[in-house]
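The values are calculated or read from the model by the stated rules, or taken from the named source; none is laboratory data. What you see is a predicted model, and the numbers here were worked out from it, not measured in a lab. As a convention, Cβ positions derive from the backbone with ideal geometry for all residues, glycine included, and neighbour counts pool all protein chains shown.
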Amino acid sequence: MDRYLAPNTQEALAHHHLSENWFNWDTEHPSLDETLIAGCASYQAFNRYLAGSDLYLLPRSRSELEGVLKRYAYDAIHNTIATARSTLEKGGYGRICNLVEASIRRVLDENDNAAHLLDLHRSRSNSSSNDMNATSPCIKIK
């Protein structure tokens, strides 16, 4: 994870803050902290993609990868808002989504992160499909 979001980045700090202060993070201010939610959602999106546990269709291009990461981030935003005891300010959801999308683009633009993330699960997928083909029995139909 440090390759994409180092511990000192806004996203990692937001994730850490929400994780450590889960019981009162949403009551510290009269309305929800949009940058905190966005940073944490971005971090969770990359973390979920790296785990790959629910990744069934592998992205084939940067735009598909960005779409997967955005979907994961939107899930995290919805989960965070649903459990919060404070409300968002008017237009807050749109601002959070814009912050998340900018964060995801920034990470993908750095170094060769997009290519590395695209190749990450592809190598595992190719090796597992080769294993399945090698061990599957042949059935002859007359």
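For region 1-14, a residue qualifies if it is under 17 Å from the mean Cα position of the chain (by Cα) and at pLDDT 85 or above, and the qualifying residues are Tyr4, Leu5, Ala6, Pro7, Thr9, Gln10, Glu11, Ala12, Leu13, Ala14.
Taken over region 52-78, the criterion of being surrounded by fewer than 17 Cβ atoms within 10 Å (Cβ to Cβ) and free of Cβ contacts under 8 Å to residues at least 40 places away in the same chain is satisfied by Ser53, Asp54, Tyr56, Leu57, Ser63, Glu64, Gly67, Arg71, Asp75, His78. Assuming Ala45 fulfils every condition listed in (1) more than 15 Å from Leu117 (Cβ to Cβ); (2) crowded, with 17+ Cβ neighbours inside 10 Å; (3) of a type in the set (Gly, Ala, Ser) apart from one, which condition is it? Among (1) more than 15 Å from Leu117 (Cβ to Cβ); (2) crowded, with 17+ Cβ neighbours inside 10 Å; (3) of a type in the set (Gly, Ala, Ser), Ala45 violates only (1).
For region 19-48, a residue qualifies if it is in contact with a Gly (Cβ under 9 Å, 6 or more places away or on another chain) and modelled with pLDDT under 85, and the qualifying residues are Ser31, Leu32. With respect to the numbered conditions (1) crowded, with 16+ Cβ neighbours inside 10 Å; (2) at pLDDT 95 or above, which one is the sole condition not fulfilled by Ile81? Evaluating Ile81 over (1) crowded, with 16+ Cβ neighbours inside 10 Å; (2) at pLDDT 95 or above leaves (2) as the failure. Would you say Ala51 is of a type in the set (Gly, Ala, Ser), under 13 Å from the mean Cα position of the chain (by Cα), at pLDDT 95 or above and within 18 Å of Ser19 (Cβ to Cβ)? When the stated conditions are applied, Ala51 does not pass them.
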